[in-house]
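Below is one structure, written out as structure tokens; the observations come after it.
The values are calculated or read from the model by the stated rules, or taken from the named source; none is laboratory data. Quick caveat, the model's predicted, so the values are computed rather than measured. Methodologically, a virtual Cβ is constructed for each residue, glycine included, from the backbone with ideal geometry; neighbour enumeration extends over all protein chains shown.
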Ligand SMILES: C[S@@+](CC[C@H](N)C(=O)[O-])C[C@H]1O[C@@H](n2cnc3c(N)ncnc32)[C@H](O)[C@@H]1O
Ligand code: SF4
């Protein structure tokens, strides 16, 4: 058994007891981390706080990334994404590769717009374990309205090709991830059908989170006037799921 395995396993045990009994004075080190490779983005989605930020934007350098990994030798898993489009960082796949060499399992989330043939090839030969691709609509009209800067046709083409090129390989696991909002609620069944057609592994629905305290944010939560019962909202979604099975 390697020294790393022993260290990571004992750290997890310590962290578990910290969490259960010693919350104010932890002794363990992190075994998972969210690392933001960039806070730049090529979209301006209406529900996302990055769209209204006026804070400085930039990329994490590869040296900074290596420094973080050196500082936390107990890491076992990592989400290489934050508020921004991770594939805009030109060192993204180099970072995934370094994480692999440190035996860290990596997940990411992308808007899918930059998954051209070359990046798909890099993604498929990388050690990424799981990739979420955000798709907040089943039609160009809705998707492009919710995600200014996007092109529905291009994103669909990128996902479709990615699935063809990955074929039956087990990794990376590919999931389409959708934030349910007023504008796309009734398209959810169609979105499931579209994902089925593109042969993605899973489709997940995330309810819209609040405005993160940013007052300029438009409230996009689901209209209680329009939907009087929870079942009204969910029935079309449920029909879509049944149609699939
Ligand atoms: C911040 S984005 C970063 C990755 C990439 N730019 C993307 O769009 O997939 C990560 C995820 O957060 C979701 N997201 C953004 N704003 C949200 C909100 N207000 N509530 C819930 N999810 C949100 C996005 O749809 C995306 O799936
Ligand atoms: S693409 Fe992702 S990071 Fe960019 S604005 Fe949309 S949700 Fe936010």
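Condition first: touching a helix residue (DSSP H, G or I) at 6+ places or on another chain (Cβ under 6 Å), more than 12 Å from ligand 1 (Cβ to nearest atom) and farther than 14 Å from residue 61 by Cα. Now tell me which residues in region 80-104 satisfy that.
102
Can you name the condition, by its number, that residue 211 falls short on among (1) at pLDDT 65 or above; (2) within 25 Å of residue 42 (Cβ to Cβ); (3) surrounded by 14 or more Cβ atoms within 10 Å (Cβ to Cβ)?
Among (1) at pLDDT 65 or above; (2) within 25 Å of residue 42 (Cβ to Cβ); (3) surrounded by 14 or more Cβ atoms within 10 Å (Cβ to Cβ), the lone unmet condition for residue 211 is (1).
Is it the case that some residue within region 21-31 is closer than 30 Å to residue 176 by Cα and in contact with a strand residue (DSSP E or B) (Cβ under 9 Å, 6 or more places away or on another chain)?
The answer is yes, given that some residue of region 21-31 is closer than 30 Å to residue 176 by Cα and in contact with a strand residue (DSSP E or B) (Cβ under 9 Å, 6 or more places away or on another chain).
Could you tell me whether residue 107 is under 19 Å from residue 134 (Cα atoms), out of contact with any helix residue (DSSP H, G or I) (no Cβ under 9 Å at 6 or more places or on another chain) and away from ligand 1 (no atom under 11 Å from the Cβ)?
Yes: the conditions hold for residue 107.
Quickly run through region 13-55 and pick out the residues that are assigned to a helix (DSSP H, G or I) and exposed (fewer than 15 other Cβ atoms within 10 Å of the Cβ).
13, 16, 17, 19, 20, 21
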